[in-house]
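Every read-out reported here was derived from the displayed coordinates using simple, explicitly stated rules and does not represent laboratory data. Since the model is a prediction, treat every value here as computed from it, not as a measurement. Cβ placement follows ideal geometry from the backbone for every residue including glycine, while neighbour counts extend to all protein chains displayed.
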Amino acid sequence: MISGLADSVLATFIVFCRIGGCLMLVPGFSSVNIPVQVRLFVAIVTSFALAPILLAVLKPLVTEAPPLTLAFLICTELLIGGIIGLGGRMFFLALQTMLTAMAGAIGLSSIPGTQVGDTEPAPALVPLIMAAVTTLFFLTDQHWQVLKGLMNSYDVWHPGDRLGGDMGLSHLVSRLSEAFVLTLRITSPFIVYSVIVNLSVGLINKLTPAIPVYFISVPFVMFGGFLLLYLTSDELLTQFMLGMSSWLAE
C-alpha cells in the first residue's frame with residue numbers, strides 16, 4: 001500500500017514537471033507581475049486535476065524504475081513543458097520586437113514607458129499594446145486553451161519516449177517563423193507609413209534646404225502615426241489573438 005502511494009505521488013510529480021515547465025514560460029502566467037507563489041499554486045492545482053487521468057499512463061513508468069530512468073523522465077517532462085511554453089511566448093516576444101520597430105517608425109522611440117510583463121526598457125507604445133494583448137489573452141479564455149493543449153500534448157509526446165532534438169527544434173523554429181510572419185503582417189502598415197513619410201520629408205528637405213524640415217515634421221509624423229494606430233488598433237489586436245488561437249488549436 002505504501003509503495004502504491006509512493007508511485008502515485010511520484011507520477012503526480014511527473015505531471016507537475018510538464019505543467020510547471022510550461023507555466024514557467026507561457027505568456028500571461030510567466031509575467032513578472034504575477035507572484036511566484038501564485039504561479040506555483042496554479043501549477044500544483046492543475047497537476048492535481050490532471051493526475052487522476054494520467055496515473056494509468058505514468059504509474060507503470062515509475063513503478064520500480066531505477067533512479068537514472070526517473071531522472072531522465074523528469075528532465076524530459078520539464079523539457080517538453082518548456083518547449084510548449086516557449087512556443088507561445090515566442091508570439092509575445094515577436095510582437096514586442098515589432099512594436100518597438102513600430103514605435104520608431106512613428107517617432108515614439110524616445111518616449112520611455114513602464115513595462116508590463118518584462119523588465120527591459122521599451123517605448124511607451126510597447127507596454128500599452130502588450131498590456132492589451134495580455135488582458136485579451138485571459139478575457140478570450142486562451143489560458144484555458146493552454147491547459148487543454150497540455151493535456152493533449154500527452155497524445156503527441158508520450159511520457160518516457162526519447163525526445164529527439166530535431167523534433168523539439170523544428171517545433172520551435174516553426175513557431176518562431178509563424179510568430180514573426182504574423183507580427184510583421186499586423187505592423188506592416190506602420191512600416192509602409194514610415195517609408196512614405198520619410199521619403200516625402202527627404203524630398204521636401206531637398207527642395208527647401210534652408211528650412212529645417214525634419215524638426216518641423218516631427219509633430220505631423222507623430223500625429224499621422226497616432227491616427228493610423230487609432231484606425232488599425234482593433235484589427236491589430238484581433239489578428240494577433242486569432243494567430244495565437246490557431247497555434248493553441250494545433
Footprinting exposure proxy for Phe41, Phe226 (fewest neighbouring C-beta atoms within 10 Å first): Phe41, Phe226
Using only Cα atoms, tell me the angle between helix 67-105 and the longest principal axis of the chain; keep it within 0 to 90° and round to the nearest 10. 10 degrees
What is the order of Tyr193, Tyr214, fewest Cβ neighbours within 10 Å to most? Tyr214, Tyr193
With the charge dipole of the chain built from beta-carbon charges (+1 for Lys and Arg, -1 for Asp and Glu) about the Cα centre, the Cα from Met241, Met222, Gly20 projecting farthest to the positive end belongs to Met222
Indicate the gyration tensor shape class of segment 171-243 (rounded, prolate or oblate), computed on the Cα atoms with a ≥ b ≥ c the square roots of the eigenvalues: a/c under 1.5 is rounded; otherwise a/b larger than b/c is prolate and the rest oblate. prolate
On Cα atoms only, tilt of 142-156 relative to the major axis of the chain in degrees: 50 degrees
Residues whose placed amide H lies under 5 Å from that of Ala122, excluding near-sequence neighbours: Gly113
Set Lys and Arg Cβ to +1 and Asp and Glu Cβ to -1, take the dipole of the chain about its Cα centre, and tell me which of Ser8, Val192, Thr232 lies farthest positive. Val192
